[in-house]
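For reference, the structure discussed in these notes is given below.
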Amino acid sequence: MTDRYDQVRAVEWVDDVLHLLDQRRLPQVEETLVLDDCAAVADAIRDMVVRGAPAIGVTAAYGAVIAARRRFAENPDTWRVAFEQDLVHLNNARPTAVNLGWAVQRMREQAEILQGDPVPGLLALARDIHAQDIQANRTMGELGAAFIEPGSGVLTHCNTGSLATGGYGTALGVIRSAWAADRLSSVFADETRPWLQGARLTAWELVRDNIPVTLLVDGAAAHLMRQGRVQWVIVGSDRIAANGDVANKIGTYSAAVAARHHGVKFMVVAPASTVDMAIATGADIPIENRAPEEVLELAGQPVAAAGAQAWNPAFDITPAELVDVIVTERGVVERPDPAKMSAMMA
Ligand code: MRU
């Protein structure tokens, strides 16, 4: 169910197939891809047809349903062997967002206890993972918005909205809730080089949902903070370590450093499925390196001097000491440390 400030859905299960809004083509083209092949679902995650940690998890859950349907039809006696290979393939599509492995593992465990045709049981769990994600976002929206003083300006980075989740969004969910509660004077979004999640996706969602948004180049964020125009930086996460270190879109760390320097508060909003208590610190979080062409080209056109090389880490780590509050659906942790994180996740 959507409402006035929540109109977009990127992942949908319709007539027994998976519908993905192709985020590579937004905002110019709104095209939905229809998938009923698990390898194609893994490709869609790797190629960023669908992206954003929770949306990747939800997509993988439906991908597992598609895999089980095919493998069981091929051979009802031995289907589990090929199904496990499909799950491994899905899991390897992208490395940083732990929601992918979390969702795959939940589907694996569900399949292990199912007898006979696994599809109804797996589809029920995938739908539940999807619905729970939206519910978690609604809860986090309320919890996070409560921190924001009326009249505040906020800055966000990357896209953490309905496109990046089952719906509503994490950081953008807090912004939606805070806007609906009349707490925000302005919403600023970093364009988020090189893939332009802010310019292409966050701006598209917010304009569509009638929430005014002002874009800036990533390098303008510190200048914006120095002018006193934002009181909060609000971001999502792809993986949070047990000590509260946060992996998120490249550029998040710079925003956190600048925020602390300027006395701007820094909020991370992510479901419990993004918290990886098996990883002690951010140093152990795998960081995806993507193709140099994403930096050297724009929309397929070269923008860099021919012959230049490019380094393209897709994520960075913000140390816990720069985080003022982590918001999950299980509650909030201010000034995170290992003990507070353990208590919340217990
Ligand atoms: O490379 P992307 O677009 O998948 O990166 C997404 C992000 O970094 C988001 O900020 C993060 O997944 C949180 S989304 C709710």
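The values are calculated or read from the model by the stated rules, or taken from the named source; none is laboratory data. The structure presented is a predicted model; accordingly, all values stated were derived computationally and were not measured. Neighbour counts run over all protein chains shown; Cβ positions are idealised from the backbone, glycine included. Quick note on the areas: whole protein, heavy atoms, side chains included, nothing else; ligands and nucleic acids left out. Shrake-Rupley method; radii C 1.70, N 1.55, O 1.52, S 1.80 Å.
A few remarks follow.
- The peptide list 273-279, 14-20, put in order of mean Cβ contacts within 10 Å with the highest first, becomes 273-279, 14-20.
- Applying the Karplus relation 6.51 cos²θ - 1.76 cosθ + 1.60 with θ = phi - 60° to the range 296-308 yields 3J(HN,Hα) values of 7, 10, 10, 6, x, 9, x, 10, 9, 4, 4, x, 6 Hz, where x marks Gly and Pro.
- Full extension of the chain segment joining Arg229 with Thr78 gains 48.3 nm, where the gain is 0.36 nm per residue of separation less the Cα-Cα distance.
- Proximal charge balance of Arg24 [Cβ under 14 Å; K/R count +1, D/E count -1]: -3
- Mean separation of Cα pairs under 8 Å and 6 or more residues apart, divided by the residue count, gives the range 140-345 a relative contact order of 21 percent.
- Here, the chain has an Rg and a Dmax of 19.6, 66 Å when only alpha carbons are counted.
- Accessible-area composition of the chain, carbon plus sulfur, in percent [1.4 Å probe]: 51
- When you restrict to C-alpha pairs under 8 Å that are six or more residues apart and normalise by the size of the chain, the relative contact order lands at 16 percent.
- Centre-to-centre separation between the Cα atoms of the range 129-201 and those of the range 297-346: 15 Å.
- On the principal axes of its alpha carbon atoms, the range 44-127 extends 35, 20, 17 Å, with the longest extent given first.
- Sum of side-chain charges, Thr274 neighbourhood, beta-carbon under 11 Å (Lys, Arg +1; Asp, Glu -1): -3
- The candidates Arg46, Arg94, Arg193, Arg4, arranged from most to least accessible area with a 1.4 Å probe in the full protein assembly, appear as Arg4, Arg46, Arg193, Arg94.
- Pairs of Cα atoms nearer than 8 Å and 6+ residues apart set the relative contact order; for the range 11-136 it is 24 percent.
- Cα shape, the range 88-243, gyration tensor, a/c 1.5 rule: prolate
- Gyration tensor verdict on the range 21-71 (Cα atoms; rounded if a/c is under 1.5, prolate if a/b is larger than b/c, oblate otherwise): prolate
- Among 131-142, 309-320, the order from most to least packed when residues are scored by Cβ within 10 Å on average: 131-142, 309-320
- The range 140-345 shape via C-alpha gyration tensor axes, a/c threshold 1.5: oblate
- Over the chain, accessible surface divided per residue gives 41 Å², non-protein components excluded, 1.4 Å probe.
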